[in-house]
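First up is the structure itself, then whatever we jot down about it.
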Amino acid sequence: MEIYVFSVIVFLPSLFMASFMAASAGNFNQEVDLTWGGDRAKILSGGSVLSLTLDKVSGSGFQSKSEYLFGRIDMQIKLVGGNSAGSVTAYYLSSEGPYHDEIDFEFLGNLSGEPYTVHTNVYTKGKGDREQQFHLWFDPTKDFHLYSVVWNHQRIIFLVDDTPIRVYENQESIGVPFPKNQPMKLYSSLWNADQWATRGGLVKADWSKAPFTAYYRNFKANACLWSSGSSSCSLKTTSSSTNNAWQTQGLDSTSRRSLRWVQKYYMIYNYCTDYKRFPMGRPRECRLSKHF
């Protein structure tokens, strides 16, 4: 049984100030397509808010109109409140095909009063199995919170309210694949996964509490757009503007301390320390990575 315990109170300093940009109120009508679920997916308030709903019949989803090959992707999300057991809110970048690349945030619902599980994964050439899971230091259903992916040539950084929770380094030098050649779209969906999502499927969705709804706003993609086989970044010279800081973004001393804090107090699963799962030896990237 997962227990939601906060043993310390820590003031989180502002992170990544050099590259942080205030999220603009992007218009979902212009930036995404509602792809499935019928009227369970809705664009509201003139395009400034999007909602996805799950009921017993179906979930719903959307995807970005654009493809990206490296960038910083930001979205503010307010997750399903109350008894969200069995539901999964997925928010991820992905290419297409059996050998696709993918960068995942998934939010696994729970019973009322119990914490969400934040599930992260990185797929390269169709292979994932690089899971890390976390609880959060706040209730993600009470208000909107910022969930971001920084994806550059050196690393992938998962951030929550600009706090890094995970870093996946480029370790191609030791033979570990890194997503760098396949452009990806942003996808999000709200769907029923009660066969596994909450306590391994022991807790099922309570459909008497349906419909379940998640809300989105302030989608921002500061990224290299991919179109007709070429990247928009190849047409520009490198700039020192903070708008392009994501291209070399890493962790400074303050953000490294915050990452260690999150991993110490809120990480609940790390494939790199699951020795039973890998009796022949841990994956190569786990042996050398500073951040797992």
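The values are calculated or read from the model by the stated rules, or taken from the named source; none is laboratory data. It should be emphasised that the depicted structure is a prediction, and the values quoted were computed from it without experimental measurement. When we count neighbours, we look across all protein chains shown, and the Cβ atoms used for this are built from the backbone with ideal geometry, even at glycine. Note: areas computed on protein heavy atoms with side chains; ligands, DNA, RNA excluded. Shrake-Rupley method; radii C 1.70, N 1.55, O 1.52, S 1.80 Å.
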(request) Wrap a convex hull around the Cα atoms of region 82-137, take a quarter of its surface area, and give that in square nanometres. (result) 4.2 nm²
(request) Using the structure shown, select from Lys220/Lys264; Lys127/Lys276; Lys78/Lys142; Lys65/Lys220; Lys42/Lys78 the pairs with a Cα to Cα distance greater than 18 angstrom. (result) Lys220/Lys264; Lys127/Lys276
(message) Can you order the peptides 168-177, 49-58 by their average number of other Cβ atoms within 10 Å per residue, highest first?
(response) 49-58, 168-177
(request) Roll a 1.4 Å probe over the protein chains and send me the accessible area per residue for the chain in Å². (result) 46 Å²
(message) Using the Karplus curve 6.51 cos²θ - 1.76 cosθ + 1.60 with θ = phi - 60°, what ³J(HN,Hα) values do you get for each residue of region 273-285, in whole Hz, with x for Gly and Pro?
(response) 10, 8, 5, 5, 6, 10, x, 8, x, 5, x, 4, 5
(request) May I ask you to list the aspartates and glutamates whose Cα is less than 20 Å away from that of Lys204, ignoring any residue fewer than eight positions away on the same chain? (result) Glu2, Asp55, Glu106, Glu114, Asp194
(request) Arrange the peptides 102-111, 60-69 so that the one whose residues have, on average, the most other Cβ atoms within 10 Å appears first. (result) 102-111, 60-69
(message) Could you derive backbone 3J(HN,Hα) for region 70-75 from the dihedral phi with the Karplus parameters 6.51, -1.76 and 1.60 (θ = phi - 60°), listing whole Hz in sequence and x where the residue is Gly or Pro?
(response) 5, x, 10, 10, 10, 8
